[in-house]
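The values are calculated or read from the model by the stated rules, or taken from the named source; none is laboratory data. Quantities reported herein were computed from a predicted structural model and do not represent experimental measurements. Every residue, glycine among them, receives a Cβ derived from its backbone with ideal geometry; neighbour counts consider all protein chains shown.
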Amino acid sequence: MKIVIPNSLNEITLGQYQEFYKLTESKDAKLVERRMIEIFCKVPMQYVNQMKAIDVKEIIQILTQMLENKPSLVNLFKMNGVEYGFIPDLDDMTFGEYVDLDTFIGDTENLHRAMNVLYRPIKIKKNGRYQIVDYDSEKYKDMLGMPMDAVISSILFFYHLGIDLSQIMMDCSKNKNEKHLMQYLISEENGVGISHSFTSLKTILEDLRISLN
């Protein structure tokens, strides 16, 4: 069997990430590892179970390295033949956009709703500048297919700036903010061996050293 193993965050989707996120509280480390391969490499579990243990270990290492990437802000990406752009001017954000972004940016299961605010199809592009289409709150399911590097990079973009997108980011201490960010990125305490796969995300938080007060 030929297996395509992603080694960059732009090779996995937000939908895949959300599916895997649901497993992070499992106490069965081996199941989580097998499901990791099933989800990210798109290999049915029955075939994963038939793979050599050494091959499984190697694939897990590759996926681990992928999850350790620290992407800079992704301004543009293509999905299903359509080019999407990061919202050009945050100051022009409408109240409805702000409410939806504030509501869903901290909820992993609904993170695609927040991304629907931040990234939209480009309607005009000229001389390196672009305009995106008006916000449509009903288009959020489209974002399940967006690349994960854009998702994480946009979250870290706001974290770097210390923008008050949620009550937690407005009122809590830095340490508490870091804990909350980890909760919706991966799960700070998943209790299984696969937790090493997310070490870099914790490192990112330790390196930021930015006060959100």
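Considering only the range 99-146, state which residues are of a type in the set (A, V, I, L, M), in a helix (DSSP H, G or I) and in contact (Cβ under 8 Å) with a residue 40 or more places away in the chain.
LEU101, LEU111, MET115, MET143, LEU144, listed by residue number.
I need a count of the residues in the range 29-71 that are within 14 Å of ASN10 (Cα to Cα), modelled with pLDDT of 90 or more and either aromatic (Phe, Trp, Tyr) or not in a helix (DSSP H, G or I) (or both).
Residues meeting the conditions: 1.
Across the range 1-28, what is the number of residues that are outside any helix (DSSP H, G or I) and small (Gly, Ala, Ser)?
Looking only at the range 1-28, we keep the residues that are outside any helix (DSSP H, G or I), and these are 1-8, 12-13, 22-28.
Those left that are additionally small (Gly, Ala, Ser): 8, 26.
Residues in the range 1-28 being outside any helix (DSSP H, G or I) and small (Gly, Ala, Ser): 2 in total.
Taking LEU73 and the conditions (1) buried (at least 18 other Cβ atoms within 10 Å of the Cβ); (2) touching a Phe, Trp or Tyr at 6+ places or on another chain (Cβ under 7 Å), which numbered condition does it fall short on, given that it satisfies the others?
LEU73 satisfies every listed condition except (1).
Could you please find all residues in the range 139-169 being aliphatic (A, V, I, L, M), at pLDDT 70 or above and closer than 16 Å to ILE87 by Cβ?
Of everything in the range 139-169, those that are aliphatic (A, V, I, L, M), at pLDDT 70 or above and closer than 16 Å to ILE87 by Cβ turn out to be MET143, MET146, ALA150, VAL151, ILE155, LEU156.
Report yes if LYS22 is under 27 Å from SER153 (Cα atoms), modelled with pLDDT under 90 and surrounded by fewer than 18 Cβ atoms within 10 Å (Cβ to Cβ), otherwise no.
Values: under 27 Å from SER153 (Cα atoms): yes; modelled with pLDDT under 90: yes; surrounded by fewer than 18 Cβ atoms within 10 Å (Cβ to Cβ): yes.
Here the answer is yes, as LYS22 does meet what is asked.
Every residue in the range 103-129 that is over 18 Å from ASP91 (Cα atoms) and of a type in the set (Phe, Trp, Tyr), please.
Once the filter is applied, which keeps residues that are over 18 Å from ASP91 (Cα atoms) and of a type in the set (Phe, Trp, Tyr), the range 103-129 yields only PHE104.
Give just the number: which of (1) more than 24 Å from ARG34 (Cα to Cα); (2) in contact with a helix residue (DSSP H, G or I) (Cβ under 9 Å, 6 or more places away or on another chain) does MET51 not satisfy?
Failing condition for MET51: (1).
Please go through the range 83-95 and pick out each residue that is among the β-branched types (Val, Ile, Thr) and either closer than 14 Å to MET115 by Cβ or assigned to a helix (DSSP H, G or I) (or both).
ILE87
Assess whether LYS179 counts as being closer than 24 Å to THR13 by Cβ and either within 19 Å of the chain's Cα centre (by Cα) or modelled with pLDDT of 90 or more (or both).
Values: closer than 24 Å to THR13 by Cβ: no; either within 19 Å of the chain's Cα centre (by Cα) or modelled with pLDDT of 90 or more (or both): yes.
No; evaluated as a whole, the condition is false for this residue.
Could you tell me whether any residue of the range 135-143 is out of contact with any Cys (no Cβ under 8 Å at 6 or more places or on another chain), surrounded by fewer than 15 Cβ atoms within 10 Å (Cβ to Cβ) and farther than 23 Å from GLN18 by Cβ?
No, the conditions are met nowhere in the range 135-143.
Quick one: LYS57 ticks every box in (1) in contact (Cβ under 8 Å) with a residue 12 or more places away in the chain; (2) farther than 21 Å from TYR159 by Cβ except a single one, so which number is it?
Every listed condition holds for LYS57 apart from (1).
Suppose the filter is surrounded by 12 or more Cβ atoms within 10 Å (Cβ to Cβ) and over 20 Å from MET79 (Cβ atoms); does TYR98 pass it?
Working: surrounded by 12 or more Cβ atoms within 10 Å (Cβ to Cβ): yes; over 20 Å from MET79 (Cβ atoms): yes.
It is true that TYR98 is surrounded by 12 or more Cβ atoms within 10 Å (Cβ to Cβ) and over 20 Å from MET79 (Cβ atoms).
Does the range 89-105 include one or more residues that are touching a Leu at 6+ places or on another chain (Cβ under 7 Å) and at pLDDT 90 or above? Working first, answer last.
Filtering the range 89-105 down to residues touching a Leu at 6+ places or on another chain (Cβ under 7 Å) leaves 101-102, 104-105.
From the residues that got through so far, the ones that are at pLDDT 90 or above too are none.
The answer is no, given that none of the residues of the range 89-105 is touching a Leu at 6+ places or on another chain (Cβ under 7 Å) and at pLDDT 90 or above.
Hey, among VAL48, VAL43, which residue is surrounded by 13 or more Cβ atoms within 10 Å (Cβ to Cβ) and over 22 Å from the mean Cα position of the chain (by Cα)?
Testing whether each residue is surrounded by 13 or more Cβ atoms within 10 Å (Cβ to Cβ) and over 22 Å from the mean Cα position of the chain (by Cα) leaves just VAL48.
Would you confirm, using the coordinates I've provided, whether GLY96 is in contact (Cβ under 8 Å) with a residue 24 or more places away in the chain and not charged (D, E, K, R)?
Yes, satisfied.
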